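These notes concern the structure reproduced below.
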């Protein structure tokens, strides 16, 4: 993956995407509220990379970059909250409760994958099996997946259904997805996440993917 080339392409993509409408924005004067859930944290490191990096750290970096890009590139187009801002362990129940309390328009949970097969690669996005916002969740998942494949160079492993707690407990309130950002058991994808420009590019691709043509 040529990170700087992808980052420049993403910047051009953002300029093209800015006029588009947003998921979940029903009132023109109200900002779209997005909750970004950085998985794991604290005593739960999540997956451990083949190079020693920890899932909890990687997804928190992506989450913070999404906030930074929204502020510095998108002029605070969105109102974004994180389920955790530091290396702390938040219960799954509390993660799912936050978007309800905030009356959020979107919920995005960030994770990294791991496999006993070191050649396993690519990004996959999960949506809940049923719920009030299942159609919108699937639509958002395909949009984000398309961006990560095209702009970052990730292999697509598709959009899949799962009954993860954070998905099933938020889908009745807003569109919700869980993104697996590559395999930490794959040396190339694990190494990719150690470089800041790649983290920025991933964050920008996700943030851009939350805007769609209607």
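The values are calculated or read from the model by the stated rules, or taken from the named source; none is laboratory data. Given the structure is predicted, the values throughout are model-derived calculations rather than measurements. Cβ sites come from the backbone with ideal geometry, for glycine too, and all protein chains shown count toward neighbours.
Out of all the residues in region 88-100, which are in contact with a strand residue (DSSP E or B) (Cβ under 6 Å, 6 or more places away or on another chain), surrounded by 15 or more Cβ atoms within 10 Å (Cβ to Cβ) and under 22 Å from residue 54 (Cα atoms)? Even if it seems obvious, please write down each step before you answer.
The initial filter retains those residues of region 88-100 that are in contact with a strand residue (DSSP E or B) (Cβ under 6 Å, 6 or more places away or on another chain), namely 88-89, 95, 98-99.
After this cut, where a residue has to be surrounded by 15 or more Cβ atoms within 10 Å (Cβ to Cβ) as well, the list is 95, 98-99.
Residue satisfying the conditions is 95 alone.
How many residues does region 163-192 hold that are assigned to a loop (DSSP other than H, G, I, E, B) and surrounded by 23 or more Cβ atoms within 10 Å (Cβ to Cβ)?
Of the residues in that region, 5 qualify.
Go through region 31-60 residue by residue and tally those that are surrounded by fewer than 18 Cβ atoms within 10 Å (Cβ to Cβ) and either at pLDDT below 55 or farther than 23 Å from residue 95 by Cα (or both).
3
If I ask for residues that are free of Cβ contacts under 8 Å to residues at least 40 places away in the same chain and assigned to a helix (DSSP H, G or I), which ones from region 49-63 would you list?
Result: 56, 57, 60.
Which of the following residues is more than 17 Å from residue 34 (Cβ to Cβ), outside any helix (DSSP H, G or I) and under 16 Å from the mean Cα position of the chain (by Cα): 146, 160?
160
Looking at the structure I just gave you, is residue 205 touching a helix residue (DSSP H, G or I) at 6+ places or on another chain (Cβ under 8 Å) and farther than 15 Å from residue 36 by Cα?
Considered against the rule, which asks whether it is touching a helix residue (DSSP H, G or I) at 6+ places or on another chain (Cβ under 8 Å) and farther than 15 Å from residue 36 by Cα, residue 205 comes out as no.
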